[in-house]
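Input: a single structure, listed below in structure tokens.
The values are calculated or read from the model by the stated rules, or taken from the named source; none is laboratory data. Here the structure is a predicted model, which is why all the values come from computation and not from measurement. Note: ideal-geometry Cβ built from the backbone for every residue, glycine included; neighbour counts use all protein chains shown. Please note that ligands, DNA and RNA were not included when accessible areas were found on the heavy atoms of the full protein model with its side chains. Shrake-Rupley method; radii C 1.70, N 1.55, O 1.52, S 1.80 Å.
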Amino acid sequence: MESIQYYQGKLLAIETSCDDTCAAILDGNRVLSNIISSQADLHKKWGGVVPEMAAREHLCMLLPVIEEALELSNTTLNSISAIAVTNRPGLVGSLNIGLTAAKSLSLSLNKPFIGVHHHEGHILSTLAQISDEYSPPKFPHICLVASGGHTELVLVHKPGKYEVLGSTLDDAAGEALDKAARLLQLKYPSGKSLQDAACKGNPSRYKLPIAKLKDPYNFSFSGLKTAVLRLVESEGEQLSIPDAAASIQETVAKTLLSKITLCLKNFNIHTVSIVGGVAANIRLREMLTNYSKDHNINVSIPSPSLCTDNAAMIGIAGSIRLAQDQKNSFNEDVYSSAPLDS
């Protein structure tokens, strides 16, 4: 495959698709700064993200976050050559804050901007260079995109050319973990709390179902959620929270790994990447690493800071598209849902 071309010049990237306010500065694919302002404490009282509150917080935090990204990278606003921003999919109110800021900066600086698909950002996050230890995946490869809102298996032929092989029919992997954690009455953010509890538990204590589907590349986690509810009701005060958390985490990780390995085998591919918030899960990383050693598979997983929502990944996707002379007009809009090839 020919080498990947990145936009030449300092790039400002903005990500506000959900509840994290993010800005990054990139030079090519090298990440000079990557600032994430979390709203976890704000939404803790509700046990989940409230869209209206998320948008208001973005409005308050976006400019300070951009200023911090500029300062940390020793970059001035006038030296920015282009802007990349998430404009699909996500919470419409949150996306609008980021896109409006990008358009305003594009107009005032007279620099181009590009709207980026959030999933493409995740898929290409493995190309971001944040240190001298840099090992990007080879193409083509299988990519698992797993987060609170999305679970997809994608055959990545090259940047910009994607083939979605399978996706979730109901809950996403991260959503299933979050809902299960709430049933166990673990504190928000639920996914992290469940992982912490699982470290002290026995993953074989409780038998939980793995859905068998007609399409082997698709996912379904609604049955797992129902099984956890019944487990909580039947066990009552006798329920071991650490063992339940470990059993839930093990079941989700096994489900994801089984789909990955099937794709690798059927497409005769020897490289895999996992991206998105669930890619930060310690148990999933451990299982995939062990599998790769046993089967001579190359694995690419972003650092934890690039797994959750962040602007560096949006910058990478934007940089590649800008290098191909792609850019948007000021008529560009935001979209709550959009296919990956949009």
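Here are the numbers:
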{"read-out": "Phi-based couplings in Hz for region 285-295 (Karplus 6.51, -1.76, 1.60; Gly and Pro marked x)", "value": "4, 5, 5, 5, 5, 5, 5, 5, 5, 6, 10"}
{"read-out": "Distance in nm between pseudo-label sites at S104 and S292 (7 Å out along the Cβ direction from Cα)", "value": "4.1"}
{"read-out": "Rounded to whole Hz, the Karplus (6.51, -1.76, 1.60) HN-Hα couplings of region 182-190, x for glycine and proline", "value": "5, 5, 7, 6, 8, 6, 7, x, 5"}
{"read-out": "Burial order of peptide ranges 116-123, 200-207, 63-70 (average beta-carbon count within 10 Å, highest first)", "value": "116-123, 63-70, 200-207"}
{"read-out": "Ranked by how many other beta carbons lie within 10 Å on average, peptides 74-87, 320-333 from highest", "value": "74-87, 320-333"}
{"read-out": "Restraint check, K158/K187; K103/K158; K44/K327, Cα-Cα greater than 31 Å", "value": "K158/K187; K44/K327"}
{"read-out": "222 nm mean residue ellipticity, helices alone, for the chain (DSSP H n ≥ 4; -39,500 (n - 2.57); rounded to 500)", "value": "-13000 deg cm²/dmol"}
{"read-out": "Most to least accessible of Y335, Y7 (protein chains only, probe 1.4 Å)", "value": "Y335, Y7"}
{"read-out": "Of P64, Q8, V85, farthest towards positive along the dipole that unit charges on Lys, Arg, Asp, Glu beta carbons give region 1-98", "value": "V85"}
{"read-out": "15 Å beta-carbon shell around T289, net charge (K/R +1, D/E -1)", "value": "+2"}
{"read-out": "DSSP bridge pairs, the chain: antiparallel proportion in percent, nearest 5", "value": "60"}
{"read-out": "Pairwise label distance in nanometres, N74 with A40, each label 7 Å out on the Cα-Cβ vector", "value": "3.1"}
{"read-out": "Heavy-atom surface of region 18-138, accessible at 1.4 Å and reported per residue (Å²)", "value": "43"}
{"read-out": "Cβ-Cβ FRET estimate between S342 and V232, R0 fixed at 25 Å, reported to 0.05", "value": "0.05"}
{"read-out": "Mean Cβ neighbour count within 10 Å, used as a protection proxy, ranking 102-115, 146-159, 231-244 highest first", "value": "146-159, 102-115, 231-244"}
